[in-house]
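One structure is given below, encoded as structure tokens.
The values are calculated or read from the model by the stated rules, or taken from the named source; none is laboratory data. Treat the numbers as computed from the prediction; the structure is a model and nothing was measured. Using ideal geometry, Cβ is built from the backbone for each residue, glycine included, and neighbour counts are taken over all protein chains shown. Protein only, heavy atoms only, side chains kept; ligands, DNA and RNA dropped before computing areas. Shrake-Rupley method; radii C 1.70, N 1.55, O 1.52, S 1.80 Å.
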Amino acid sequence: LRILRLLRVFRLFRLFKLTRYNHALSRMWRAFVESKEELAVSLLILTMAIYFAAFGIFYFEHDTQPDKFTSIVDALWWAVATVTTVGYGDIYPITIGGRLFTFLLLIASLGLVAAPTGIFASALLSIRSDEREAREKKQAVD
């Protein structure tokens, strides 16, 4: 039976088949490097929005739900779950002000969370376009 275990080691060689995607991974890394400043600014804005959301919901809901929003840390948990549109449902606003605040936050956070995706996709398309142009120039020279 130990020989069968040795055969499992050969399964690891399947991982080496992933090297055929090395060019795509390299392209993705270059897109990340090309857009890192825009992504960093997006992350900073998203972090600021999460903190704003935590303090806002704590202001609206702490007096009504002191057992749910006991501290800013609990409000941060709610803010992360809400801004990332996960929304677990374990903590939710019940006051009119809290619900209105949550609605406005959700509308704004949809754009905040989607922005890095668009930035990265644009950089990736730019790199692919540059590679295509370089390939066409090389074929024209040859």
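Points worth noting:
- Per residue accessible area of the stretch 1-132, 1.4 Å probe, in Å²: 73 Å²
- Label-point separation, I94 to K137 (7 Å along Cα→Cβ), nm: 6.6 nm
- Relative contact order of the stretch 45-142, pairs being alpha-carbon contacts under 8 Å that are 6 or more residues apart, as %: 27 percent
- Angle of helix 22-34 to the longest C-alpha principal axis of the chain, folded into 0 to 90 degrees and rounded to 10: 50°.
- In order through the stretch 62-67: 3J(HN,Hα) via Karplus (6.51 cos²θ - 1.76 cosθ + 1.60), integer Hz, x for Gly, Pro: 4, 5, 7, 10, x, 7
- Value of [θ]222 nm, deg cm²/dmol, for the chain, DSSP H segments ≥ 4, -39500 (n - 2.57) each, nearest 500: -25500 deg cm²/dmol
- The chain, accessible surface, carbon-and-sulfur percent (1.4 angstrom probe): 67 percent
- By accessible area with a 1.4 Å probe, ligands and nucleic acids excluded, highest first: order of R135, R27, R11: R11, R135, R27
- Cut-off under 5 Å, modelled amide H: who pairs with G87 long-range: T82
- Length released on extending from L110 to R27, taking residue separation times 0.36 nm less the Cα-Cα span: 27.2 nm
- Within the stretch 1-119, all pairs of alpha-carbon atoms sorted by distance into 10 Å bins from zero give the percentages 12, 30, 18, 15, 14, 9, 1.
- R0 of 41 Å, Cβ-Cβ distance I72-S122: FRET efficiency to nearest 0.05: 0.70
- Residue with peak Gaussian network fluctuation, the chain [Cα springs, cutoff 10 Å], from R128, R99, R14: R14
- Area accessible to solvent at E133, 1.4 Å probe radius, in Å²: 100 Å²
- Note on the stretch 89-126 and the stretch 35-87: Cα centroid distance 11 Å, given to the nearest whole angstrom.
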